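Since every read-out is calculated from the coordinates, none of them should be taken as a lab result. Being a predicted model, the structure only gives us computed values, none of them experimental. Neighbour counts are summed over all protein chains in view; Cβ atoms, including those assigned to glycine, are modelled from backbone coordinates with ideal geometry.
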Amino acid sequence: MKKISHWIDGKVVEGTSGRSGVVWQPATGEQQASVDFASVEETGHAIAVAKAAFASWRSTNLSRRAEVMFHMRELVDANRKEIASLLSSEHGKVLGDALGEVARGLENIEYACGVPNLLKGGYSEQASSGVDVYSIKQPLGVVAGITPFNFPAMVPMWMFANALACGNTFVLKPSEKDPSASMFIAELLKQAGLPDGCFNVINGDKVAVDAILHHPDIAAVSFVGSTPIAKYVYETGTANGKRVQALGGAKNHMLVLPDADLDMAADAAVSAAYGSAGERCMAISVVLAIDSVADALIEKVKARIPNIQVGSAADAANEMGPLITGEHRDKVAGYIAGAAAEGATLVVDGRDGAPGGGFFLKPSLIDNARPGMKCYDDEIFGPVLMVTRVKTYAEGLALINDNQYGNGTAIFTRDGGVARQFQFDVQVGMVGINVPIPVPVSYYSFGGWKASLFGDQHMYGPDGINFFTRSKVITSRWPDPATSTVDLGFPTNR
């Protein structure tokens with residue numbers, strides 16, 4: 001059976017803790033590998049290696065750092081199918097979805113290739129008589145990424161590309177459920193010319209996470225996961241003096257107005273709710289349908305569900321794969337059962353007719369979901385779409401703004417004025433107008449509001465550069481020594 005260990009100082013390092021976890025094949029329900037779980041000492045060793053590599057990498061010129069990123073971009077592009085195959089095998093997502101993940105991650109490496117321009121500071125000549133003032137951006141040191149199971153290639157690329165390009169060294173703790181993509185990425189970075197020790201992978205569980213959060217040599221932590229864990233990571237990391245960005249969960253609403261093209265809205269809702277088996281923080285979980293079009297929209301969504309091919313990624317005809325583990329599949333099934341008990345209407349029950357042998361559910365559609373029901377309030381993270389009927393635009397907007405999460409939202413309408421008002425009023429970090437999954441391109445930044453984000457900086461893009469650097473301002477003067485005097489007054493620019 002395959003054994004997955006750690007990547008430290010440019011090579012695979014066998015675990016010594018004696019603890020390990022199971023990596024499942026979600027499509028069959030069988031174990032396909034074991035993964036070593038790092039101890040505190042092993043995690044500390046990886047951090048020490050990264051610290052030792054920092055001085056040299058930080059001093060590496062920007063052109064060389066960019067060159068490494070360009071090489072990495074070419075290697076990821078050339079190995080798209082192999083990376084996607086690892087994702088399909090361990091996460092369960094179908095190959096087309098996995099290839100899409102690699103493509104979106106690759107955009108972030110491409111953005112990091114422009115690091116010589118991204119790290120330019122500012123300069124003010126003659127800020128005072130004979131005085132120039134300028135600013136520069138410098139790396140933090142050893143930084144860490146803690147990444148989720150649902151995007152085991154893309155989310156690490158959100159983090160390490162900018163972090164490394166800015167001159168930091170990196171320790172990655174991927175999800176223990178699907179760690180092979182991170183190990184493969186480490187090999188590609190070595191091939192791209194990244195010096196040994198600059199990128200390290202520590203596999204493990206909460207022991208490794210806590211070791212990162214408490215270690216004095218970790219300067220910053222970037223995290224993506226559920227809201228309770230994001231809050232824990234943020235509070236623990238900042239209490240230990242670290243810069244932290246922690247992206248949490250979501251309950252994304254899609255508001256459909258009466259003037260919307262209902263076929264387009266139905267296509268969008270189905271695509272955004274059931275893609276990747278709903279295991280996306282940007283998935284549409286709730287459709288807010290104005291009463292006058294709710295029945296028609298539900299019928300259109302219902303009619304599309306039987307056409308979704310559910311099964312293993314091994315069959316190219318399948319469009320939706322299994323959930324990540326049997327435990328998670330059962331949890332999602334519990335929400336479906338609980339919805340009816342709470343008074344919602346189960347229009348399509350995804351527990352019926354799901355393929356056997358793996359961790360499968362079919363798409364579910366629930367009508368009449370309301371705040372106060374667990375199916376509405378909680379992040380289900382599975383192929384479950386709810387419909388909440390509202391009388392007006394204002395009522396729909398209020399439901400979105402009252403929700404504890406503020407990750408993503410969408411509005412479907414043909415009225416440009418209403419759409420503009422929506423983007424102005426809605427209290428959510430990422431907004432789609434006739435776009436159901438408004439994930440920003442790599443030269444903007446990704447992140448939500450409220451309980452979907454802990455910290456001040458969003459992920460990747462300009463915020464990612466800011467997060468992985470700190471600014472320094474230099475005030476410079478080269479006077480004639482003959483003019484030097486003692487002056488105890490407060491310095492001014494006049």
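Looking at the range 1-75, the GluC sites (Glu not before Pro) that sit in a DSSP loop and have at most 10 other Cβ atoms within 10 Å of their own Cβ are Glu14. Measure nothing fancy, just the Cα-based angle from helix 262-274's long axis to the longest principal axis of the chain, in degrees from 0 to 90, nearest 10. Here the helix axis deviates by roughly 70 degrees. Taking the longest Cα principal axis of the chain as reference, the axis of helix 95-112 is set at about 20 degrees. Using only alpha-carbon positions in the range 252-433, the gyration tensor eigenvalues give semi-axes of 27, 17, 15 Å once each is multiplied by 5 and square-rooted (largest first). Label-to-label distance for Val207 and Arg420 is 5.9 nm, based on points extended 7 Å past Cα in the beta-carbon direction. Computed over the Cα atoms of the range 83-146, pair by distinct pair, the Kirkwood hydrodynamic radius stands at 15.8 angstrom.
Relative to the longest principal axis of the Cα atoms of the chain, the long axis of helix 291-304 lies at roughly 90 degrees. Could you please state, rounded to a whole Å, how far the C-alpha centre of the range 391-463 is from the C-alpha centre of the range 258-279? Taking the Cα centre of each part, the range 391-463 and the range 258-279 sit 16 Å apart. For Ile290, nonlocal amide neighbours, meaning residues 5 or more places apart or on other chains whose placed amide H falls under 5 Å from its own, are Val256, Val390. What longest region of the chain stays clear of chymotrypsin sites (Phe, Trp or Tyr not before Pro) that DSSP places outside H, G, I, E and B and that have at most 16 other Cβ atoms within 10 Å? Longest stretch, sites excluded: 1-442. About its Cα centre, the dipole of the range 126-246 is roughly 180 debye, where the only charges are +1 on Lys and Arg Cβ and -1 on Asp and Glu Cβ. In the chain, Cα pairs under 8 Å separated by at least six residues give a relative contact order of 18 percent. Between Tyr234, Ala341, Ser276, the Cα set farthest toward the positive side of the dipole of the chain (charges on each charged residue's Cβ, about the Cα centre) is that of Tyr234. Put a plus charge on the Cβ of each Lys and Arg, a minus charge on the Cβ of each Asp and Glu, and nothing anywhere else: the dipole of the range 252-433 about its Cα centre is then about 100 debye. Label positions at Thr392 and Gln191, each projected 7 Å from the Cα along the C-beta direction, are separated by 6.0 nm.
Between amide H atoms placed 1.01 Å from N, distances below 5 Å from Ser452 occur with Gly406, all of them 5 or more places distant or on a separate chain. The share of alpha-carbon pairs in the chain lying farther apart than 39 Å comes to 28%.
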